[in-house]
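Peer 1: This is the structure I want to talk about, given as structure tokens.
The values are calculated or read from the model by the stated rules, or taken from the named source; none is laboratory data. On a predicted model such as this, the values are computed, not experimentally measured, just so you know. Reconstructed Cβ throughout: ideal geometry from the backbone, glycine too, with neighbour counts over all protein chains shown. Quick note on the areas: whole protein, heavy atoms, side chains included, nothing else; ligands and nucleic acids left out. Shrake-Rupley method; radii C 1.70, N 1.55, O 1.52, S 1.80 Å.
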Amino acid sequence: MMPKQPPPPPPPPLSLLLLLFYLYITTLHATAASILSLSQKFREAPEFYNSPDCSFVDTDNFICSDVAVHVAMTLDAAYIRGSMAAILSVLQHSSCPQNVVFHFVVSASADASVPRAAISSAFPYLKSRIYPFDDSAAAGLISTSIRSALDCPLNYARSYLPNLLPSCVSKVVYLDSDLVLVDDIAKLAATPLGGDAVLAAPEYCNANFTAYFTPTFWSNPSLSLTFADRKACYFNTGVMVIDLLRWRSGGYTTKIEEWMELQKRMRIYELGSLPPFLLVFSGNIAPVDHRWNQHGLGGDNFRGLCRDLHPGPVSLLHWSGKGKPWARLDAGRPCPLDALWAPYDLLKPPFEFDS
């Protein structure tokens, strides 16, 4: 008589399978991005000096300097070319470039030596610090969105900036990697955050705010009442002035995570890391002139769609959306406004690699 075989072990829960698949895909993305970045070499940018009326940042303690203009950015191997252009544009148009301190956040699971080497070779004089971001802090909370690029855990690092940056840094300007400034960043950093506002950003109240959330959200009174007493408007999280002291004391990272946890259960939005910011902050945003975020130049989510500038003056051009200027320039199919990004491109042509 054949011995009775034990029953097969139960399959792992679906949530675990999805998490393992997500980690596999993000690992492939990080590997491909690292290979791409290793093939890119950058020119050294010129050094920029303060004008005579600038107060000087203490070189030995620049991280905690009250005089410094603090700028935070993420460094992703796939977007490092855009980051280099953004840094150059900030320095070139600053009246006190030696007072600008950069705080770079990198994925802890990626090889940080690649972006570190790129920054140090192109900007050897830069006042900066690099912070590893634990991807697992956000990975388990991320729901798939309408564009896979938005699901990268590093996109969610902006929610953790107050935890990553030193406690002595009280205010920071957060910038995406797909933009360039054509004005002095000190003007943006000086934006007053009156009342109890934690963030300052350009708001766009003519945008269809309801489109950022699903019918499930709006049909549930306990959820839709979130905005009942707030004049909620869309704002773009790629350019923000953040009061880190107010953020820390108010526990806003936890509030964002709570909405992300609900999203995993109910699917209340479709678009990456933006909706949790809208849920937590919309209606209590300190105003910033629209000139500081001429966004959407990437053409939304439609390949090949070119955008014009919004009416009015320009201090910052932002290629948010699917199309990036470096990709369109390389492909020989640039949009007209991509020519405004090109002068900040520090990428060396291949024939210069060995020189």
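Peer 1: Out of all the residues in region 347-355, is one or more open to solvent by 70 Å² or more (accessible area, probe 1.4 Å), part of a loop (DSSP other than H, G, I, E, B), among the hydroxyl-bearing types (Ser, Thr, Tyr) and at pLDDT below 95?
Peer 2: In the first step, residues of region 347-355 are kept if they are open to solvent by 70 Å² or more (accessible area, probe 1.4 Å); the result is 350-351, 353-355.
Checking which are part of a loop (DSSP other than H, G, I, E, B) leaves us with 353-355.
Then keep just the ones that are among the hydroxyl-bearing types (Ser, Thr, Tyr); that gives 355.
Next, from what is left, pick out any that are at pLDDT below 95: 355.
Yes, the conditions are met somewhere in region 347-355.
Peer 1: Given (1) open to solvent by 40 Å² or more (accessible area, probe 1.4 Å); (2) in a loop (DSSP other than H, G, I, E, B), where does Pro132 come up short, assuming only one miss?
Peer 2: All conditions pass for Pro132, except number (2).
Peer 1: I need the full set of residues from region 103-129 which are part of a strand (DSSP E or B) and out of contact with any His (no Cβ under 8 Å at 6 or more places or on another chain), in order please.
Peer 2: As a first pass, look at region 103-129 and keep what is part of a strand (DSSP E or B): 103-107, 127-129.
Passing the criteria: Phe104, Val105, Val106, Ser107, Lys127.
Peer 1: Here's a follow-up. Quick one: in region 184-206, of everything that is open to solvent by 30 Å² or more (accessible area, probe 1.4 Å) and small (Gly, Ala, Ser), which residue is nearest to Val100 (Cα to Cα)? Full working, then the answer.
Peer 2: Step one: filter region 184-206 for residues open to solvent by 30 Å² or more (accessible area, probe 1.4 Å), giving 186-187, 190, 192, 194-196, 203, 205-206.
Then drop every residue that is not small (Gly, Ala, Ser), which leaves 186, 190, 194-195.
Numbers: Ala186: 9, Ala190: 13, Gly194: 24, Gly195: 27 Å.
It comes out as Ala186.
Peer 1: Any idea how many residues of region 106-117 are at pLDDT 85 or above and buried (at least 22 other Cβ atoms within 10 Å of the Cβ)?
Peer 2: Qualifying residue count for the region: 3.
Peer 1: Right, Leu179: under 25 Å from Leu91 (Cβ atoms), surrounded by fewer than 21 Cβ atoms within 10 Å (Cβ to Cβ) and under 20 Å from the mean Cα position of the chain (by Cα) or not?
Peer 2: Details: under 25 Å from Leu91 (Cβ atoms): yes; surrounded by fewer than 21 Cβ atoms within 10 Å (Cβ to Cβ): no; under 20 Å from the mean Cα position of the chain (by Cα): yes.
No.
Peer 1: Moving on. Could we say that Asp196 is among the charged types (D, E, K, R), over 28 Å from Leu309 (Cα atoms) and either modelled with pLDDT of 95 or more or more than 15 Å from the chain's Cα centre (by Cα) (or both) here?
Peer 2: Details: among the charged types (D, E, K, R): yes; over 28 Å from Leu309 (Cα atoms): yes; either modelled with pLDDT of 95 or more or more than 15 Å from the chain's Cα centre (by Cα) (or both): yes.
Yes: the conditions hold for Asp196.
Peer 1: Turning to a different aspect of this structure: Quick check on region 207-235: of everything there that is among the hydroxyl-bearing types (Ser, Thr, Tyr) and not in a helix (DSSP H, G or I), which residue is surrounded by the fewest Cβ atoms within 10 Å (Cβ to Cβ)? Quick ask: steps written out before the conclusion?
Peer 2: Pass one, region 207-235, residues among the hydroxyl-bearing types (Ser, Thr, Tyr): 210, 212, 214, 216, 219, 222, 224, 226, 234.
From the residues that got through so far, the ones that are not in a helix (DSSP H, G or I) too are 214, 219, 234.
Numbers: Thr214: 18, Ser219: 9, Tyr234: 17.
Checking each candidate, the answer is Ser219.
Peer 1: Still on this structure, please answer the following. Among all residue pairs at least 6 apart or on different chains, which show Cβ distances below 6 Å where the first residue, located in region 48-65, is closer than 20 Å to Phe104 by Cβ and among the polar types (S, T, N, Q) and the second is open to solvent by 50 Å² or more (accessible area, probe 1.4 Å) and at pLDDT below 90?
Peer 2: Ser65/Asp58
Peer 1: Now a separate question. Where in region 236-297 are the helices (runs of 4 or more DSSP H), entirely inside, with at least 3 residues that are open to solvent by 20 Å² or more (accessible area, probe 1.4 Å) and within 24 Å of Val69 (Cα to Cα)?
Peer 2: 244-250
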